[in-house]
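Presented below is the structure to which this report refers.
The values are calculated or read from the model by the stated rules, or taken from the named source; none is laboratory data. Keep in mind that what you see is a predicted model, and the values were worked out from it rather than measured. Positions of Cβ are backbone-derived with ideal geometry, glycine not excepted, and every protein chain shown enters the neighbour counts. Surface areas here come from the heavy atoms of the whole protein model, side chains and all, with no ligands, DNA or RNA. Shrake-Rupley method; radii C 1.70, N 1.55, O 1.52, S 1.80 Å.
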Amino acid sequence: MKFFSVFGLLVLLLSINSFAQKVPDLKTAPVSTTVSSPLELAKATVTAHGGDKLKNMKSLMLRGSVDVTGAFSMVIPATFMLAISGDKYVFELNNPIQPLKQISDGKQTSSSGYELPPVTSLGFPLLSRIGEAGYVVAALPEARKNKKGFRVTTADGFYSDFFIDEKTNQLKGYESAYDVDGRIVTTSVEIDEFQTVDGVIVPKRYSQRFDLGQMTAYANFKTKDILVNSQIDDSFFAIPK
């Protein structure tokens, strides 16, 4: 959850219990670039997605559909909603197997069912936080040295490796890995289409792959409604009592 990684659907459908709150120890040396530093490239990517419009974005709301192909090539349709305002968010996933809702008021998180990694700590939302304290920008690891991009790591230990278009500096996709009960799960995203809303260039259609070790699953996302800077009352993010 999650242009955002709504990997929670795979968590539910493939019976993964929980995500650890730290990145696996990937001890790979960063690769240098003669074109620009990772931070300069990250700032160029922010500019390519709206610049100050993106940095000053107050809220973002997405609604759409997702088709998941998992075990036995079974396609499972679902819908999703994601609302973000600063560090607060609400994520809802409606599917035929088990609906899911996760809410964060910026300090505490409440989940119905499985608890997912914070959707504000992965993927596209990280671009608006580049330059802020606690968000570290570094070169891509050696294993991805042939790609143009950079890594962003959050204070809570999550990272995203962003891959950038050579001409436009817009996102082509990103990749992350997580420790799930001692097993590494890798997820990668490829972006197919963007939409400009209130000056912010937002991924609209994208595909996501989950490498679960003994199984690989795929999800195709179609965002139908994108709202930028809409008024969202704080009560929307209130933790249920």
Name the single residue that is surrounded by the most Cβ atoms within 10 Å (Cβ to Cβ) among those in the stretch 56-75 being within 20 Å of the chain's Cα centre (by Cα) and among the hydroxyl-bearing types (Ser, Thr, Tyr). SER59
Does the stretch 110-130 contain at least one residue that is open to solvent by 40 Å² or more (accessible area, probe 1.4 Å) and farther than 27 Å from LYS222 by Cβ? no
Filtering the stretch 154-180 down to residues that are farther than 22 Å from ILE201 by Cα, part of a strand (DSSP E or B) and open to solvent by 20 Å² or more (accessible area, probe 1.4 Å) yields ASP179
Going through the stretch 108-133 in order, the residues found to be assigned to a loop (DSSP other than H, G, I, E, B), over 22 Å from GLN170 (Cα atoms) and in contact with a strand residue (DSSP E or B) (Cβ under 9 Å, 6 or more places away or on another chain) are GLY113, TYR114, GLU115, LEU116, PRO117, PRO118
Exactly one of ASP52, ASP87, ASP25, ASP67 is at negative phi, at pLDDT below 50 and not basic (Lys, Arg), and that one is ASP25
Hey, could you check the stretch 196-228 for residues that are modelled with pLDDT of 85 or more and part of a loop (DSSP other than H, G, I, E, B) and say which is least open to solvent (accessible area, probe 1.4 Å)? GLY199
Evaluation of LYS53 against (1) over 18 Å from the mean Cα position of the chain (by Cα); (2) assigned to a loop (DSSP other than H, G, I, E, B) (one fails), failing number: (2)
Only residues that are of a type in the set (Asp, Glu) and either out of contact with any strand residue (DSSP E or B) (no Cβ under 9 Å at 6 or more places or on another chain) or modelled with pLDDT of 95 or more (or both): list them for the stretch 179-195, please. ASP181, GLU190, ASP192, GLU193
Residue check, GLN231 against (1) open to solvent by 80 Å² or more (accessible area, probe 1.4 Å); (2) in a strand (DSSP E or B); (3) within 27 Å of SER85 (Cα to Cα), all met but one. Which one? (2)
Scanning the stretch 56-70 for residues that are in a loop (DSSP other than H, G, I, E, B) and among the basic types (Lys, Arg) gives LYS58
